[in-house]
Amino acid sequence: MSDLVKEIDDALFEEQVLFSKKPVLVDFWAPWCGPCKMVGPVIEDLAGEMSDVSFVKVNVDQSRDFAAQYGVRNIPTLLVFKNGELVAKQVGALNKQKMKEFIEQATA
């Protein structure tokens, strides 16, 4: 994981996501999840390209109750928050172009 994508838990969620000045993409994932492993490098790439958006990851094995609070039943699940509000949700892996479009539409 790079410095551009922070791994957080529910203790840091409020500070890193809800109080963020920028829109935030939250990747709910797990180390054993194949599609999550495919999405990881895409998120790293986009984090390097999209400086106007913050990128964080939440491990569902370590934050089960928290994932359930946001309706995460399948992974990867990508949530976009803007001004502390959930504005978009994507379940399943996306290629780089589709993920960039998803983020841009959600943060426009």
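Across region 5-107, Cα pairs under 8 Å and at least six residues apart give a relative contact order of 37 percent. Derived scalar couplings between HN and Hα for region 27-37 equal 9, 7, 8, 8, x, 8, 8, x, x, 5, 5 Hz in order, rounded to whole Hz, by the Karplus curve 6.51 cos²θ - 1.76 cosθ + 1.60 (θ = phi - 60°), x for Gly and Pro. Cα centroid separation, region 9-32 to region 39-81: 7 Å.
Where nothing but the Cβ of Lys and Arg (+1) and of Asp and Glu (-1) is charged, how large is the charge dipole of the chain around its Cα centre, in debye to the nearest 20?
Dipole magnitude for the chain comes out near 340 debye.
Panel order for 38, 99, by other beta carbons found within 10 Å of each beta carbon, from fewest to most: 38, 99.
Put simply, the chain fits an ellipsoid with semi-axes of 18, 17, 13 Å; these come from the alpha carbon gyration tensor as the roots of five times its eigenvalues, largest first.
Please order 46, 79 by the number of other Cβ within 10 Å, starting at the fewest. Mind showing how you got there, number by number?
Values: 46 18, 79 22.
Least to most surrounded, the residues fall as 46, 79.
Fewest to most neighbouring Cβ within 10 Å: what's the order for 42, 58, 26? All intermediate terms of the calculation are to be shown ahead of the outcome.
Numbers: 42 18, 58 26, 26 23.
With the sparsest Cβ surroundings first, the list reads 42, 26, 58.
None of the figures in this text is laboratory data; all of them are computed from the coordinates on show. None of these values were measured; they are calculated from a predicted model. For neighbour counting, all protein chains shown are included, and Cβ atoms are generated from backbone atoms with ideal geometry for every residue, glycine included.
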